[in-house]
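Following: one structure in structure tokens, then a few remarks.
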Amino acid sequence: MTSTSPLANVQINFNAEWNPRTRRVGVIARKIGNYPIWLKNGKKVQTTLLQVIDNHVIKYIPPEEFKPMLIRKPNWREKRTLGCLLVGAETIDPSTVTKDYCGLFNATGMLPKRYLCRFMITPNAALPPGTPLLATHYRVGDYLDIRAKTIDRGFQGVMKRWGFKGMPASHGVTKTHRRPGNIGSGGGKARVWPGTKMPGHMGNSTKAGSKIEIAGSEIEWKFATRIEIENENKMKKIKCVIKIRISEGKKMQTDTSTRVWRTLRGVKILRIDTKHNVLWTLGVAIPGETGAMCYLFDTVLPLRRHKEPPPFPTHPPSADLPIEYIHESVHDFSDPTITFEDN
């Protein structure tokens with residue numbers, strides 16, 4: 001089946017074949033709050049609501065053309081097999097951004113987006129520019145990996161920032177109850193070592209990070225896709241390649257604009273609202289405060305990955321969808337809770 005994108009004169013092929021090693025595109029969602037849900041066994045669980053806001057594909061870069069900006073080019077032992085798909089969310093007024101930024105969206109034929117994200121995908125999961133991405137991109141029961149910035153805690157001490165125990169409350173302690181204590185050594189070094197845990201800004205911070213933090217999801221995904229290989233020699237070789245990449249990644253420092261993110265893996269979808277494009281995910285540990293933007297993609301955990309083909313490469317836009325999808329373990333309040341049998 002083919003469908004025409006409403007924003008660009010392109011044809012979307014929904015007959016592409018899916019396999020367990022395929023990597024699909026993700027979506028950009030906004031964290032809008034928490035809400036309880038009751039299961040059919042009577043248990044109450046807390047969920048987090050994520051709203052997919054106006055997601056569209058902006059650009060696709062094939063693997064042979066994708067060249068991310070690196071300070072030093074790493075020595076990749078394997079050929080790069082993943083392409084890059086640029087996705088934008090939340091349309092904004094073109095007069096509020098620069099002319100160069102608006103030029104990114106000219107080929108797509110849409111207004112500029114406030115948020116952009118790059119997703120690494122396999123070439124068979126590529127989508128043409130202008131393709132809308134909705135909450136039906138996922139199904140109830142699927143597991144997601146959610147990446148977002150943590151809540152801004154401001155300037156905090158070592159007890160809150162690093163979990164230090166602190167000093168005793170009495171018995172000779174004077175004004176050092178929450179202080180870090182010794183931070184350096186004397187003798188030949190006589191200096192504070194870099195990376196010492198000290199008070200500072202906590203959460204939503206901007207600091208330099210290692211390149212392995214950025215490429216970590218790609219390395220974990222490649223390792224997870226090969227976890228089922230039975231040949232021990234190939235498995236040892238793959239583990240060796242990953243160790244080499246990690247050792248090289250620790251030496252490569254990114255620029256100061258790299259932000260600290262946190263990824264929560266294996267989050268289950270319990271409910272999908274197709275009218276407002278809202279995903280109800282299990283748990284409240286999703287990073288970020290209310291209103292923060294989150295990046296959602298299929299999980300890389302081997303035991304929670306797709307066993308059956310998902311909507312591939314994405315779910316086609318349709319006007320006759322049900323208002324919501326509810327997992328079989330969740331109680332639907334439109335159904336009766338007590339049934340009586342006629343005598």
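Read the figures in this text as sums done on the coordinates, not as results from a lab. Note that this is a predicted model, so its numbers are computed, not measured. Quick reminder, even Gly has a Cβ in these numbers, built from the backbone with ideal geometry, and neighbours come from all protein chains shown.
Could you order the peptides 325-336, 163-174, 121-132, 281-292 from most to least packed, using the average number of other C-beta atoms within 10 Å per residue? Could you put the intermediate results ahead of the total?
Numbers: 325-336: 13.4, 163-174: 9.7, 121-132: 19.7, 281-292: 16.9.
Ranking the peptides 325-336, 163-174, 121-132, 281-292 by packing returns 121-132, 281-292, 325-336, 163-174.
Karplus-derived 3J(HN,Hα) values for the range 36-45, using 6.51 cos²θ - 1.76 cosθ + 1.60 with θ = phi - 60°, are x, 9, 9, 8, 5, 7, x, 7, 9, 10 Hz; glycine and proline are entered as x.
For Gly200, the amide hydrogen comes within under 5 Å of the amide hydrogens of Gln156, counting only partners 5 or more places away or on other chains and with H modelled in the peptide plane. Using θ = phi - 60° in the Karplus curve 6.51 cos²θ - 1.76 cosθ + 1.60, the 3J(HN,Hα) couplings for the range 317-325 round to x, 8, 9, 10, 7, x, 5, 8, 10 Hz; x is entered for Gly and Pro.
Which pairs, out of Lys44/Lys268; Lys113/Lys268; Lys44/Lys149; Lys43/Lys149; Lys40/Lys268, put more than 19 Å between their alpha-carbon atoms?
From Lys44/Lys268; Lys113/Lys268; Lys44/Lys149; Lys43/Lys149; Lys40/Lys268, over 19 Å: Lys113/Lys268; Lys44/Lys149; Lys43/Lys149.
The string of couplings for the range 124-131 from the Karplus curve (6.51, -1.76, 1.60, θ = phi - 60°) is 6, 9, 5, 10, x, x, x, 6 Hz, one whole number per residue in order, with x for Gly and Pro.
Taking square-rooted eigenvalues a ≥ b ≥ c of the alpha carbon gyration tensor, is the range 288-343 rounded, prolate or oblate, where a/c under 1.5 means rounded and, failing that, a/b exceeding b/c means prolate? It would help to have the intermediate numbers written out before the result.
Numbers: a/c = 1.91, a/b = 1.82, b/c = 1.05.
Taking the square roots of the gyration eigenvalues as a ≥ b ≥ c, the range 288-343 is prolate.
Can you list the residues, at least 5 places off or on another chain, whose amide H is less than 5 Å from the amide H of Ile121, using H built in the peptide plane? Counting only residues 5 or more places away or on other chains, the set is Gly83, Cys84, Leu85. Summarising the amide proton neighbourhood of Gly283: residues at separation of 5 or more, or on other chains, whose placed amide H is nearer than 5 Å comprise Gln46, Thr47, Thr48.
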